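The values are calculated or read from the model by the stated rules, or taken from the named source; none is laboratory data. No experiment lies behind these values; they were computed from the predicted model shown. Glycine gets a Cβ as well: all are built from the backbone with ideal geometry, and neighbour counts include every protein chain shown. SASA here: full protein model, heavy atoms, side chains in, ligands and nucleic acids out. Shrake-Rupley method; radii C 1.70, N 1.55, O 1.52, S 1.80 Å.
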Amino acid sequence: MNSRSERLAAIGLMAKYWTAGRVKTRLAPAIGSQAAADLHRAMVRYLLRQLGHVAARRVLAVAPDNQAMQFVGEAGWRWQITAQGPGSLGDRIERLLRLLLSFGDKALLIGSDCPRVTAATMNRGWAELETHDVVLGPAADGGYYLIGLRGPWHTHYSALFAEIAWGTERVAEQTRRAAAAAELSLAELELEHDVDRPDDLPRLVEWVRQGGGDKEFRQAVLAVAEKLEGAEKLEGAEELEGAEELEGAEELEGAEKLRGESVVDGPSR
């Protein structure tokens, strides 16, 4: 990407503070609330490092609003920190994209759930915005990990964030329909997997074991993998113990039946 394009582009990263029990709650049953929060923090930190040299303007939008200062040490001087503010997810996304477009003529916004987003992903997004109004990075769960707009801000863009069933598998499809209804041209990037559910963890672990991420992120993910594997071993042991108890109960029941039959049969002999 040439220097002029970099000057005219801005990126945003949305992130929650990593309070155990408040983030990645769907991962907690598999690895525990603290490990889930630690993984979320690792993903945020990794994306801040990965994208810290991309574009001239970089905005970290945080929640809850009163925790904004907690991110200063994580973001460093490369990122402008702002509160996400009130409202639905759609309200916050729209507000942030308006802010990003005030810095340049192309804006990309991502969440912190997809660590496979790289500078190359951003470059592909900006390239699509040369010829499209909207670019979407669809996620395998039906949502999206990236959305981008070509400036300047247009009132038609608001349709992309209204009446969307946030948090469901219909988000990306509803966004596509909203773009079509508003006569906005839309391009899509490659499908990616968010890290939201226990089923997403083995895929993430395999990715880092194959060299994905940097050293710090790999260490964080492999620490989670140990907890995940430990939980699976424990579950397997409990299942085995349960099976042994059941088998023992069945043997005991069989013996009791046999003794009962002997008592019944005795007088008839």
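How about the range 17-37: which of its residues are surrounded by 18 or more Cβ atoms within 10 Å (Cβ to Cβ) and either outside any helix (DSSP H, G or I) or of a type in the set (Asp, Glu) (or both)? Steps first, please.
Just the residues of the range 17-37 that are surrounded by 18 or more Cβ atoms within 10 Å (Cβ to Cβ), to begin with: 17-18, 23-24, 27, 30-31, 35-37.
If the condition is that a residue be surrounded by 18 or more Cβ atoms within 10 Å (Cβ to Cβ) and either outside any helix (DSSP H, G or I) or of a type in the set (Asp, Glu) (or both), then Tyr17, Trp18, Val23, Lys24, Leu27 are the ones that fit.
Filter the range 117-161 for residues that are under 14 Å from Glu94 (Cβ atoms) and either part of a helix (DSSP H, G or I) or among the hydrophobic types (A, V, I, L, M, F, W, C) (or both) and give the result.
The answer is Val134, Ile147, Leu149, Trp153, Thr155, His156, Tyr157, Ser158, Ala159, Leu160, Phe161.
I'd like the residue in the range 115-135 that is open to solvent by less than 10 Å² (accessible area, probe 1.4 Å) and in contact with a Gly (Cβ under 8 Å, 6 or more places away or on another chain) and, out of all such residues, is farthest from Met14 (Cα to Cα). Talk me through it step by step, then tell me what you get.
Narrowing the range 115-135 to residues open to solvent by less than 10 Å² (accessible area, probe 1.4 Å): 115, 117, 121-122, 125-126, 129, 134-135.
Checking the rest, the ones that are also in contact with a Gly (Cβ under 8 Å, 6 or more places away or on another chain) come to 115, 117, 121, 125-126, 129, 134-135.
Working: Pro115: 13, Val117: 13, Thr121: 16, Gly125: 17, Trp126: 19, Leu129: 21, Val134: 18, Val135: 17 Å.
The qualifying residue farthest from Met14 (Cα to Cα) is Leu129.
Could you grab me the full set of residues in the range 38-79 that are more than 13 Å from Ala15 (Cβ to Cβ), open to solvent by less than 70 Å² (accessible area, probe 1.4 Å) and part of a loop (DSSP other than H, G, I, E, B)?
Gly52, Val54, Ala55, Ala56
Can you find a residue that is of a type in the set (Ser, Thr, Tyr), surrounded by fewer than 19 Cβ atoms within 10 Å (Cβ to Cβ) and within 30 Å of Ser158 (Cβ to Cβ) anywhere in the range 92-104?
Keep residues of the range 92-104 that are of a type in the set (Ser, Thr, Tyr), which gives 102.
Those still in the list that are surrounded by fewer than 19 Cβ atoms within 10 Å (Cβ to Cβ) too: 102.
From what's left, within 30 Å of Ser158 (Cβ to Cβ): 102.
There is at least one residue in the range 92-104 that is of a type in the set (Ser, Thr, Tyr), surrounded by fewer than 19 Cβ atoms within 10 Å (Cβ to Cβ) and within 30 Å of Ser158 (Cβ to Cβ).
Using beta carbons and a limit of 7 Å, which pairs, at least six apart or on different chains, have the first residue in the range 150-179 and more than 19 Å from Asp196 (Cα to Cα) and the second one loosely packed, with under 14 Cβ neighbours inside 10 Å?
Going by the 7 Å Cβ cut-off, the qualifying pairs are Ala159/Ala181; Gln174/Ala165.
Does Met14 meet the test of being at pLDDT 95 or above, open to solvent by 20 Å² or more (accessible area, probe 1.4 Å), touching a strand residue (DSSP E or B) at 6+ places or on another chain (Cβ under 9 Å) and not in a helix (DSSP H, G or I)? Explain how you work it out, then say what you get.
On the way: at pLDDT 95 or above: yes; open to solvent by 20 Å² or more (accessible area, probe 1.4 Å): yes; touching a strand residue (DSSP E or B) at 6+ places or on another chain (Cβ under 9 Å): yes; not in a helix (DSSP H, G or I): yes.
Yes, satisfied.
Look at Arg176 and say whether it is charged (D, E, K, R) and under 15 Å from Leu109 (Cα atoms).
Working: charged (D, E, K, R): yes; under 15 Å from Leu109 (Cα atoms): no.
So Arg176 fails the test.
Exactly one condition in (1) touching a Lys or Arg at 6+ places or on another chain (Cβ under 8 Å); (2) closer than 23 Å to Leu101 by Cβ; (3) open to solvent by 10 Å² or more (accessible area, probe 1.4 Å) is false for Ser88; which is it?
It is condition (1) that Ser88 fails.
Working only within the range 163-210, note down all residues that are open to solvent by 60 Å² or more (accessible area, probe 1.4 Å) and in a helix (DSSP H, G or I).
Hits for the range 163-210 are Glu173, Arg176, Arg177, Ala180, Ala181, Asp199, Pro202, Arg203, Glu206, Arg209.
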